[in-house]
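A quick write-up on the structure given underneath.
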Amino acid sequence: MLKVSLLLLVLLLSLSSFAEFRIWEDGEGNIWEAEFVTLSAGEIVMRDQQGQRIMIRPEKLSGADQQYLEKVVPPKLVLDVSKTTNNAGTSSNTEQVRCIASIKQSDTRPYAGELTAVLVTMGEDIRTGAPSVVNRKEYNFTLPEKRGDSVDFKGESASFLRKSVKSGRTYSGYVLVVWDKFGNPIAIKSNRDSFAERAEKIARPKQTANK
């Protein structure tokens, strides 16, 4: 499961492009026009108008460029999803389930951009096993200044049947996707490989359909 999720994330990141050409300057006064591509092995990778790659250590760039990078270099995130179950006021065959997302930055690089997370609760038909989206919760946030602090938010509560009954919908899991300010997915977590493989489409079906 983890291998599939990581491979998917690597593929998504490799396809990400901010498509924003700007003027860069290093500490020696060299100037060039390029777009940011990624951060690899501690170096900033850029691409100029002719498609040539430019690589440079971020600390060699001007102060303005370093502030810009704080908004565009995706942070490394650790995602966690738990769930609460409440049976109060329900029949013996039903349960109220709510998923809770926790997002924490794992690297030390400053990041000042806004992020968007979508937490999806998934259900499953007891007879056919067909999965379905029960609810989605979109949450906009910025990372805490203090490293180690997490951003937590709750999904919507939903009613599910237990598997002891013969028909109906039971809880089957979750999908959590985090996008950066440019609409690039930077972190994905799910309890099933089949959900992780379709995470973008599950979390944002309309945006995915328009791509």
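The values are calculated or read from the model by the stated rules, or taken from the named source; none is laboratory data. Model, not experiment: these values are computed from the prediction. Here Cβ is always computed from backbone atoms with ideal geometry, including for glycine, and neighbour counts include all displayed protein chains.
Brief remarks on what is shown
- Scan of region 149-161 for residues that are assigned to a strand (DSSP E or B), under 30 Å from I126 (Cβ atoms) and either free of Cβ contacts under 8 Å to residues at least 24 places away in the same chain or not hydrophobic (A, V, I, L, M, F, W, C) (or both), ordered by number: K154, S159
- Where K146 falls short, out of the listed (1) under 12 Å from the mean Cα position of the chain (by Cα); (2) without any contact (Cβ under 8 Å) to a residue 24 or more places away in the chain: (1)
- In a residue-by-residue description of region 58-77, the property of being assigned to a strand (DSSP E or B) and out of contact with any Leu (no Cβ under 9 Å at 6 or more places or on another chain) applies to no position.
- Residue in region 23-44 that is at pLDDT below 90, of a type outside the set (G, A, S) and either in a helix (DSSP H, G or I) or exposed (fewer than 14 other Cβ atoms within 10 Å of the Cβ) (or both) present: no
- Residue count for region 127-147, restricted to those that are among the β-branched types (V, I, T) and under 17 Å from R192 (Cα atoms): 2
- Contacts under 8 angstrom Cβ, first residue in region 162-191 being free of Cβ contacts under 8 Å to residues at least 40 places away in the same chain, partner in a loop (DSSP other than H, G, I, E, B), 6 or more apart: K163/I126
- Scan of region 136-160 for residues that are more than 25 Å from P205 (Cβ to Cβ), in contact with a Ser or Thr (Cβ under 7 Å, 6 or more places away or on another chain) and at pLDDT below 95, ordered by number: R147
- Filter result for the condition that a residue is touching a Lys or Arg at 6+ places or on another chain (Cβ under 7 Å) and small (G, A, S), over A41, A34, A64: A34
- Answer from V118, V133 - the residue that is under 16 Å from S82 (Cα atoms), surrounded by 13 or more Cβ atoms within 10 Å (Cβ to Cβ) and either at pLDDT below 95 or out of contact with any His (no Cβ under 8 Å at 6 or more places or on another chain) (or both): V118
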